[in-house]
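Structure first, then comments.
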Amino acid sequence: MNSPVVLRTEVEPSDTRIREPGRPHIAVLLSLNFPDLTAPVAALHRRFTRIALAALAELDASFELVDTSEPGSVDVVVDADGLLVLGGGDIAAVCYGGPDGPLPNSYGVDEQADRVSLRMIRAYIDANRPVLGICRGSQLINVCYGGTIIGDITDYQLHRGRPGEHLFIDEKVEVAPETRLAAILGAGPIVVRSGHHQAVDDVADELVVAARALDGVVEGVEHPTDWVLGVQFHPEDDDGPLAPLYKLFAGFLAASVAPSAPTNQPGLGAQ
């Protein structure tokens, strides 16, 4: 049986904006077709990506897809006002100091795509451009700064559905006060959509925790001064409210058209 394929035409909105002065232009980094892709996961991947890209267009941003699963090399250049890193497969453990081989229950690992993604994130960070990561994107941000990943969450009931049930579930997370994430979504408990078996483990020294699950698992990281933010949950899941997605994107896009300089706000998050 052939593996399912996710096409660009299936995820790009029909009303894509044209790049022009004054309109934020975003590089969207993802792997449309990662290893082990099944039909149900491909359907989720299409849906989530389509919703995220449509939200960018609705907020009057133009974008370019940077697909690390396409044949050939990806040019690691900073050619956009900001970088959005979407979800996908697991990160190769060797990228964060783990074993050079698959971990138990690993899924969708593509080390080459990971290496390219990390170089791209680093390039945007070094250029002082805003970076927003969702799920895998949040983990890649942490790895890029030197952090590590939980290879497989064994007590997973808060983070994804049980076998035979829907993968994505409602999850309550606590947003840390005095963080950029709190400035966008509000501090305190919020309900999000989650379906993950990996998460940030050791938070990189240069980052702070922006949100945690009730069991302490990190659900958000950010840089205390630069506009770099990652959320483990999926605001682009339309089985839940999409208001958090639009709030996150609005903040990200506002930073993408602002002068490229450290903001010095908000303050440090909870460690």
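Some notes on this structure:
- If the convex hull is drawn through the Cα atoms of the range 32-98, its volume per residue in Å³: 119
- Average Cα contact separation per residue, the range 59-153, under 8 Å, 6 or more apart, as relative contact order %: 34
- Surrounding net charge for GLN139, when Lys and Arg each add one and Asp and Glu each subtract one, Cβ distance under 11 Å: -2
- Multiplying each eigenvalue of the alpha-carbon gyration tensor of the range 1-139 by 5 and taking the square root yields semi-axes of 25, 19, 12 Å, largest first, rounded to whole angstroms.
- Span per principal axis, largest first, for the Cα atoms of the range 211-259 (Å): 38, 26, 9
- Sorted largest first, the principal axis extents computed over the alpha-carbon atoms of the chain equal 46, 40, 35 Å.
- Dipole magnitude of the range 31-118 about its Cα centre (Cβ charges: Lys, Arg +1; Asp, Glu -1), debye to nearest 20: 360
- Dipole-positive endmost among GLY133, ALA258, VAL208 within the chain (Cβ charges, Cα centre): ALA258
- Computed FRET value (nearest 0.05) for THR225 with ARG47, which takes r as the C-beta separation and R₀ as 22 Å: 0.05
- Where only DSSP H runs of four or more residues are counted, the chain gives -8000 deg cm²/dmol as its mean residue ellipticity at 222 nm, each run worth -39500 (n - 2.57).
- The label point for LEU214 and the one for VAL78, both projected 7 Å from the Cα toward the Cβ, are 4.2 nm apart.
- Basic side chains Lys and Arg get +1 at the Cβ, acidic Asp and Glu get -1 at the Cβ, and with that the dipole of the range 8-257 about its Cα centre reaches some 380 debye.
Bear in mind these aren't lab numbers, they're just calculated from the coordinates by the rules spelled out. The structure presented is a predicted model; accordingly, all values stated were derived computationally and were not measured. Every residue, glycine among them, receives a Cβ derived from its backbone with ideal geometry; neighbour counts consider all protein chains shown.
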